[in-house]
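S.K.: Sharing a structure with you now.
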Amino acid sequence: MTGPDAEETAADLAAAAGRVTQSKSSFTTAMRLLPAPRRNAMYAIYAFCRDVDDIADEPATDEAKRRGLDQWRREIALIYAGGVPTKPLARALIEPIRRYGLLERDFAAVIDGMQMDAEREIRAPGIEELDLYCARVASAVGKLSVRVFGPLEARSEDVAEHLGRALQLTNILRDLDEDAERGRLYLPREILWKHGIRSDDPAEVLADPALGAVCGEVAQMARARFASAHEAMRQCARRSMRPALMMGGVYRAILERLVRRGWAAPREPVKLSKPLKLWIALRAAFF
């Protein structure tokens, strides 16, 4: 089967880049540090992640969500079988997969993570279940990303494992109210119970006086992952780790601002200014 022609490839890449632009993600600045082929590959990976995440979050029936995620499973499998998928965002992955040796298992893991969200409202998961969720929706993305950032090294996947979990734990703390509106609560059950919170109702948990202690422990979990990721980065080539360092720097800054803000309602959204993001980018450049 022949692949997409140059015009189709350009259109597919534009579709992927458009998804990145629309998202206004904190990752955008880090992606722009990359040379064009690697940047385009990251756009394609991010667009895939955004699309499957939207399927899991959309107000649709469980059956519709399952069909959407299963379609992505077929599209990814088709690429690895040498075929040409139908989705523009899937076709945008063909060249990155070929050029950077991206693994099918990592794309499958991301879809499996979104399936966890699509199947039910996750509420106060056990720590093991939460870790599996983070491994799928974040660390698997990291494993795809480190192959794009530069040559794979002995500790590249350690960076992905730790940094992915750190970013996802930060997301969980940042998005407490947004997740609660969807009926979700990702704070781990064992830590809730430790601080006397037995409910798994998002509204009740977020109104509990012990919420701050719970979030403080989750923040410490994230800090430990950031530290492990940074140590692994130091044992990798500096050039290939700069985008990862940038992402870690942005999210570590978000985490610390969340901690300083506190957890009592009303919880004002935490965002970083463009000058601060630029400073983090410059610091990463001299890592």
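S.K.: Surrounded by 20 or more Cβ atoms within 10 Å (Cβ to Cβ) and either modelled with pLDDT under 95 or touching a Phe, Trp or Tyr at 6+ places or on another chain (Cβ under 7 Å) (or both): does that describe Arg147?
M.R.: yes
S.K.: Further question: Show me the helices (runs of 4 or more DSSP H) found entirely inside segment 56-102 where at least 3 residues are hydrophobic (A, V, I, L, M, F, W, C) and outside the structural domain of Val137 (by TED's automatic domain parsing).
M.R.: 62-80
S.K.: Hey, another quick one. Looking at this structure, is Glu121 over 18 Å from the mean Cα position of the chain (by Cα) and charged (D, E, K, R)?
M.R.: Spelling it out, Glu121 is indeed over 18 Å from the mean Cα position of the chain (by Cα) and charged (D, E, K, R).
S.K.: Still on this structure, please answer the following. Taking the stated definitions as given, is Leu89 at pLDDT 95 or above and either small (Gly, Ala, Ser) or closer than 17 Å to Ala44 by Cα (or both)?
M.R.: When the stated conditions are applied, Leu89 does not pass them.
S.K.: Among the candidates Arg242, Arg252, Arg238, Arg283, which residue alone is crowded, with 20+ Cβ neighbours inside 10 Å, assigned by TED's automatic domain parsing to the domain that holds Gly150, at pLDDT below 90 and of a type in the set (Lys, Arg)?
M.R.: Selected residue: Arg242, the only one of Arg242, Arg252, Arg238, Arg283 that is crowded, with 20+ Cβ neighbours inside 10 Å, assigned by TED's automatic domain parsing to the domain that holds Gly150, at pLDDT below 90 and of a type in the set (Lys, Arg).
S.K.: Do we have Leu152 as among the hydrophobic types (A, V, I, L, M, F, W, C), more than 11 Å from the chain's Cα centre (by Cα), surrounded by fewer than 22 Cβ atoms within 10 Å (Cβ to Cβ) and within 24 Å of Ser240 (Cβ to Cβ) here?
M.R.: Taking the combined requirement at face value, the residue satisfies it.
S.K.: Another question, if that's okay. Looking at segment 221-235, which of its residues are of a type in the set (Lys, Arg) and either under 16 Å from the mean Cα position of the chain (by Cα) or buried (at least 20 other Cβ atoms within 10 Å of the Cβ) (or both)?
M.R.: If the condition is that a residue be of a type in the set (Lys, Arg) and either under 16 Å from the mean Cα position of the chain (by Cα) or buried (at least 20 other Cβ atoms within 10 Å of the Cβ) (or both), then Arg225 is the only one that fits.
S.K.: Do you know which of the residues in segment 103-123 that are touching a helix residue (DSSP H, G or I) at 6+ places or on another chain (Cβ under 8 Å) and outside any helix (DSSP H, G or I) is modelled with the lowest pLDDT?
M.R.: That would be Ile122.
S.K.: If a residue must be at pLDDT 70 or above, loosely packed, with under 15 Cβ neighbours inside 10 Å and not in a helix (DSSP H, G or I), how many such residues does segment 1-51 contain?
M.R.: Residues meeting the conditions: 2.
S.K.: Is it the case, given these coordinates, that Arg147 is in contact with an Asp or Glu (Cβ under 6 Å, 6 or more places away or on another chain) and touching a residue at least 40 places away in the same chain (Cβ under 8 Å)?
M.R.: Criteria not met by Arg147.
S.K.: List, please: which pairs have Cβ atoms under 6 Å, are six or more places apart or on different chains, and start with a residue in segment 228-240 that is touching a residue at least 12 places away in the same chain (Cβ under 8 Å) and in a loop (DSSP other than H, G, I, E, B) and end with one that is surrounded by fewer than 17 Cβ atoms within 10 Å (Cβ to Cβ) and acidic (Asp, Glu)?
M.R.: That search, which allows pairs on different chains as well, returns Cys236/Glu153.
S.K.: Then there is this: Which one is surrounded by the most Cβ atoms within 10 Å (Cβ to Cβ) among residues in segment 77-122 that are more than 28 Å from Ala36 (Cβ to Cβ) and charged (D, E, K, R)?
M.R.: Asp117
S.K.: Let me ask you something else. Does Met221 qualify as being assigned to a helix (DSSP H, G or I), at pLDDT below 95 and assigned by TED's automatic domain parsing to the domain that holds Ile127?
M.R.: no
The values are calculated or read from the model by the stated rules, or taken from the named source; none is laboratory data. None of the values given here were measured: they were computed from a predicted structure. Because the Cβ atoms are built from the backbone with ideal geometry, glycine has one as well, and the counts that use them run over all protein chains shown.
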